[in-house]
1. Would you please name the trypsin sites (Lys or Arg not before Pro) within segment 116-157 that are DSSP coil residues with at most 16 other C-beta atoms within 10 Å of their C-beta?
2. Taking a ≥ b ≥ c as the square roots of the eigenvalues of the Cα gyration tensor of segment 89-246, is the shape rounded (a/c under 1.5), prolate (a/b larger than b/c) or oblate?
3. Take the cross-link list K88/K220; K139/K179; K111/K276; K90/K276; K154/K195; K46/K156 and give me the ones stretching past 30 Å between alpha-carbons.
4. Please tell me the relative contact order of segment 80-136 in percent, rounded to the nearest whole number, where contacts are Cα pairs under 8 Å and at least six residues apart.
5. Can you tell me how segment 189-229 classifies by the Cα gyration tensor, rounded, prolate or oblate, using a/c under 1.5 as the rounded cut?
Amino acid sequence: FSQFFIFASVQPTDHAPSSDKLQLVKYSMADANKLDASASGEFVRKASSFRNWISRDGSTSFPAESGRYHLYVANQCPWAHRTMVTRKLKGLEDAISMDIAHFRRDEEGWKFFPVISGCTPDTLYGFSHLKDVYLLSDKDYQGRISVPVLWDKKTKTVVNNESSEIIQMLNSEFNDFCKTEEQRAMDLYPEHLRKEIDSINEWVYRDINNGVYRAGFSSKQEPYDRAVREVFAALDRVEEILSRQRYLAGSQLTLADVRLYTTLARFDPVYVGTFKVRKKFWCGVVVMGRASE
């Protein structure tokens, strides 16, 4: 991965609806664990269940070790994609193994279907579904079966399934195992920018990362309309920031950019069509490979 992003301007297109009236998208999903709706019809995301922390200094129950931890992800999921990007940027492919679930879920949720290109089997236990990994960790678990999952092979436990926390751990707690000195020195959440990064993450999550789901999974027109307006207002805010500086928090790539990118990469091909989050198209392009300036 290069350490920069190129974002094209937001522009109306001929493909966008000609009317200002936004239409509610009807969306059904077999995996009921993923969705929750309030009485008003607004999508409400459930909190992640596992929130343990891996520590470089051994101050927690999960010390950082090479080869001990494993990521379960799915290419479809923007939350899992955050962890894949951060693992790559930090050069942790040899230190943290990874399995990729099939991008389509069945009645039992995320499944392993390695005959499909880009997917893997469950290389640890040979399970057919991710739910079996959760149940191995806690046989009485009845919560959401979600990706990403940061798994401890030693204790056979889900350490954490909250993407925003996993990427912070990948950024700081595994520096002893990065492939190169450059990757070890890379800090995507530097102390002097944390206040700014946290502030950006708050509204980007609310209005963009989760905003597209608030629109797509709304069950009534009013919360859908409101969510779509908020998504595009936030995209305009992103456009204004990136028109005057290279990254969201200034001159340096941070976790704020990673968190935004995985939503933008799916915006036109997924959220515009499937979720009907469409007033105008946003063209987000990440350039892979070393930047030449």
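Computed from the coordinates by the stated procedures, all read-outs in this text should not be read as laboratory data. Please read all numbers here as calculations on a predicted model, not as lab measurements. For neighbour counting, all protein chains shown are included, and Cβ atoms are generated from backbone atoms with ideal geometry for every residue, glycine included.
1. K139, K153, K154, K156
2. Since a/c reaches 1.5 but b/c is at least a/b, the shape of segment 89-246 is classed as oblate.
3. Over 30 Å apart, Cα to Cα: K88/K220; K139/K179; K90/K276; K154/K195.
4. Contact order relative to length: 25 percent.
5. Verdict is prolate for segment 189-229.
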